[in-house]
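The values are calculated or read from the model by the stated rules, or taken from the named source; none is laboratory data. Here the structure is a predicted model, which means the values were calculated and not measured. Virtual Cβ from ideal backbone geometry, glycine too; neighbours counted across all protein chains shown.
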Amino acid sequence: MTLIFEEEGALTLPLPCEELAAKVIEAALDYVECPYEAEVNLLLTMNEEIHEMNLNFRQIDRPTDVLSFPMVDYEEAGNFDFLEEADEYFHPESGELMLGDIVISKEKVFSQAEEYGHSIEREYAFLIAHSMLHLFGFDHMEEEERIEMEKKQKAILEQLKILR
């Protein structure tokens, strides 16, 4: 697995961010039984920058906690079978499946950890697990989908012993 990690802004999280992100991404890949080595891009940024992205890409005029930009168009969420015939989703040099991009607001990690009464580590890991599920094609537009995603997020974090 390749993690392309970038960070911008003066605020820093009191965590080994890149190392923890790699662990959560690996756990998510294992959870969905992804049969390929994968590449994920992760950007940690500030509210101002994620607000601008949220407005540009989703037409929502406010900062958000996490944005996911999947590269794969799944026929069925979490089903990788069709990729055998889809070379365009694989990095031409490494051969890794290019899953997509995750953008996280560091300010939201702090505020939501406080709001939900859990650690900064748990909030950060949760946002990555949540976003990884989006990169696998899962969504939460319907109540049933939301419940399914919550179960999957919880299972990934429990596997890592990152609890509320």
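I'd like to know if the range 3-10 contains one or more residues that are within 16 Å of the chain's Cα centre (by Cα), surrounded by 15 or more Cβ atoms within 10 Å (Cβ to Cβ) and part of a helix (DSSP H, G or I).
No, the range 3-10 contains no residue that is within 16 Å of the chain's Cα centre (by Cα), surrounded by 15 or more Cβ atoms within 10 Å (Cβ to Cβ) and part of a helix (DSSP H, G or I).
Of the conditions (1) in a loop (DSSP other than H, G, I, E, B); (2) modelled with pLDDT under 95; (3) closer than 27 Å to Leu160 by Cβ; (4) not aliphatic (A, V, I, L, M), Glu144 satisfies every one except a single condition; which number is it?
For Glu144, the exception is condition (1).
Identify all residues within the range 50-83 that are in contact with a strand residue (DSSP E or B) (Cβ under 9 Å, 6 or more places away or on another chain) and either among the aromatic types (Phe, Trp, Tyr) or part of a strand (DSSP E or B) (or both); write none if there are none.
Hits for the range 50-83 are Phe57, Val66, Leu67, Ser68, Phe69, Pro70, Phe80.
Quick check, is Ile128 part of a strand (DSSP E or B), within 15 Å of Cys17 (Cα to Cα) and either without any contact (Cβ under 8 Å) to a residue 12 or more places away in the chain or within 14 Å of the chain's Cα centre (by Cα) (or both)?
no
Go through the residues of the range 14-28 one by one and say whether even a single one is of a type in the set (A, V, I, L, M, F, W, C), assigned to a loop (DSSP other than H, G, I, E, B) and in contact with a Gly (Cβ under 9 Å, 6 or more places away or on another chain).
no
Is it the case that some residue within the range 84-95 is modelled with pLDDT of 95 or more, in contact with a strand residue (DSSP E or B) (Cβ under 7 Å, 6 or more places away or on another chain) and over 17 Å from Cys34 (Cβ atoms)?
No, the range 84-95 contains no residue that is modelled with pLDDT of 95 or more, in contact with a strand residue (DSSP E or B) (Cβ under 7 Å, 6 or more places away or on another chain) and over 17 Å from Cys34 (Cβ atoms).
Asp101 - would you say it is surrounded by fewer than 23 Cβ atoms within 10 Å (Cβ to Cβ), out of contact with any helix residue (DSSP H, G or I) (no Cβ under 8 Å at 6 or more places or on another chain) and either polar (S, T, N, Q) or not in a helix (DSSP H, G or I) (or both)?
When the stated conditions are applied, Asp101 passes them.
Could you run through the range 63-95 and say how many residues are at negative phi and over 17 Å from the mean Cα position of the chain (by Cα)? Break it down stepwise before answering.
Of all residues in the range 63-95, those at negative phi come to 63-77, 79-94.
Keeping just the survivors that are over 17 Å from the mean Cα position of the chain (by Cα) gives 75-76, 79-94.
Of the residues in the range 63-95, 18 are at negative phi and over 17 Å from the mean Cα position of the chain (by Cα).
Going through the range 37-49 one residue at a time, which ones are outside any strand (DSSP E or B) and either touching a Gly at 6+ places or on another chain (Cβ under 8 Å) or crowded, with 17+ Cβ neighbours inside 10 Å (or both)? Please lay out each step first, then the result.
As a first pass, look at the range 37-49 and keep what is outside any strand (DSSP E or B): 37, 46-49.
Passing the criteria: Glu37, Met46, Asn47, Glu49.
With the structure loaded, tell me whether Ile162 is under 19 Å from Leu13 (Cβ atoms) and either among the small types (Gly, Ala, Ser) or in a loop (DSSP other than H, G, I, E, B) (or both) or whether it fails that test.
The answer is yes for Ile162.
For the range 72-91, how many residues are surrounded by fewer than 10 Cβ atoms within 10 Å (Cβ to Cβ) and in contact (Cβ under 8 Å) with a residue 60 or more places away in the chain?
So the count comes out to 1.
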